[in-house]
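Here the structure comes first, spelled out in structure tokens, and everything after it is commentary.
The values are calculated or read from the model by the stated rules, or taken from the named source; none is laboratory data. Just so it is clear, the model here is predicted, and its values are computed rather than measured. Cβ sites come from the backbone with ideal geometry, for glycine too, and all protein chains shown count toward neighbours.
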Amino acid sequence: MKGDAAPQEVAPGIAPILAPDEIDPDWLTTVLRHSGALEEGHVTALTLEDVGTGQVGRNVRFTLTLEGAPPGAPASVVGKFPSDDPVSRATGVMQGNYDREVRFYRELVQTVDIQTPRCFHAAFDAATSDFVLLFEDLAPAVQGDQITGCSLDESALALSQLAGLHAPRWQDPALADASWMDRPEGGEALLQAMYLGFVGGFVERYGARLDDDAIALIEAFGPRAEAWASAGKAGPVAVVHGDYRLDNMMFGTEAGGYPLAVVDWQTPARGHPAADASYFLGAGLPVEARREHEHDLLGHYHAELLARGVSGYDFEACWRDYRFFAFSGVVMAVIASMIVGQSDRGDAMFLAMASRHSAHALDLDSLSLF
């Protein structure tokens, strides 16, 4: 991992699961000391504000008043909690998102080479599905914007980081021991059932703002979803992010921050690496820019894999897999939009995803591959 170690076990006597308004200076002092982030001194007061655009989790910035703390002690931290929206929370619980993110920071983050925020505390309650994660505050970095897209330089940076996620555990047989990353048995049939169950509502909500070719593709994919998901299990395996897009990236600014840090690890899995790359490029760039530059950008990602020791995976195979997984974003747009709480920004985001990902799959003739 680029950065510090994974969070330590919860200190004895410290309540591991708290809602944002239950967190007090004493709790934060103990947690930060236990993690090594606060060597001396203590938190005397705090204020909180919601940050970010998460659909399934709630992110809260805690601004701290410190006494007796050394230079460099954190003046603020960010906590992540279950969504307040009942629909979004039910989705997070049903899909195991909350447990997965805690496990990622406890078990996986040290084994990959992608920049993430330092995690001070990670706890999950299996009985209630409550959780809390406490991170370093990445400000003054700024969140990427899935709606507006990104620059070519930002795309190349994101793909370099993605290679750092995939390469260290490429074809690693030990990943089979992390059964919590596996998709459920019969997941391919479930995916098709969910897609077919939601696509009508999706088209009703967004169809007037999509072109006819996009709608035709989205509807044609439904009966093929199980075959696509089954065929996608062939090929190399690595740790994948599962939702590698701009809203889950924090880019550094002239004022500071990491060049890029990746957040929202609710969907890590043992899966095909090209799915992340195709999902990112399919909607990260505006359509015309993606058409012009995707071949070179994917070549950059592939070269980064090779430089990190990956072998036996030539660019022709990578390009074919990239075409095949163009439907990853279509699936996400259709299903996710129907199972999280609706908002104006959420609608704009899912519409941008559906429009760009469907154009991606059409441009690459992805339907012909299965």
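So here's what we get for this one:
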quantity	calculated
Matching entry among Ala176, Ala163 (being touching a Lys or Arg at 6+ places or on another chain (Cβ under 8 Å), surrounded by fewer than 22 Cβ atoms within 10 Å (Cβ to Cβ) and in a helix (DSSP H, G or I))	Ala176
Elements of type helices (runs of 4 or more DSSP H) in the range 276-370, at least 1 residues being under 21 Å from Val240 (Cβ atoms), free of Cβ contacts under 8 Å to residues at least 40 places away in the same chain and within 22 Å of the chain's Cα centre (by Cα)	287-307
Breaking point among (1) within 24 Å of Val132 (Cα to Cα); (2) not in a helix (DSSP H, G or I), for Lys233	(1)
Top-ranked residue in the range 332-368 [being surrounded by fewer than 17 Cβ atoms within 10 Å (Cβ to Cβ), of a type outside the set (A, V, I, L, M, F, W, C) and under 20 Å from Ala220 (Cβ atoms); ranked as modelled with the lowest pLDDT]	Ser368
Options Glu67, Glu39, Glu22: the member that is at pLDDT 95 or above and among the acidic types (Asp, Glu)	Glu67
Filtered residues of the range 250-269 (kept if in contact with a Leu (Cβ under 6 Å, 6 or more places away or on another chain) and either in a loop (DSSP other than H, G, I, E, B) or aliphatic (A, V, I, L, M) (or both))	Met250, Leu260, Ala261
Out of Ala176, Ala269, sole residue that is in contact (Cβ under 8 Å) with a residue 24 or more places away in the chain and under 27 Å from Gly144 (Cβ atoms)	Ala269
Residue match in the range 246-259 (condition: touching a Pro at 6+ places or on another chain (Cβ under 9 Å), buried (at least 20 other Cβ atoms within 10 Å of the Cβ) and not assigned by TED's automatic domain parsing to the domain that holds Val51)	yes
First in the range 218-235 and in the same structural domain as Asp365 (by TED's automatic domain parsing), second anywhere and hydroxyl-bearing (Ser, Thr, Tyr), Cβ under 8 Å, 6 or more apart	Ile218/Ser358; Phe221/Tyr195; Gly222/Tyr195; Ala225/Tyr195
From the options Gln110, Gln115, residue that is more than 22 Å from Gly187 (Cα to Cα), within 14 Å of the chain's Cα centre (by Cα) and in the same structural domain as Asp26 (by TED's automatic domain parsing)	Gln115
Single unsatisfied condition, Ala141 versus (1) surrounded by 14 or more Cβ atoms within 10 Å (Cβ to Cβ); (2) over 22 Å from Asp247 (Cβ atoms)	(2)
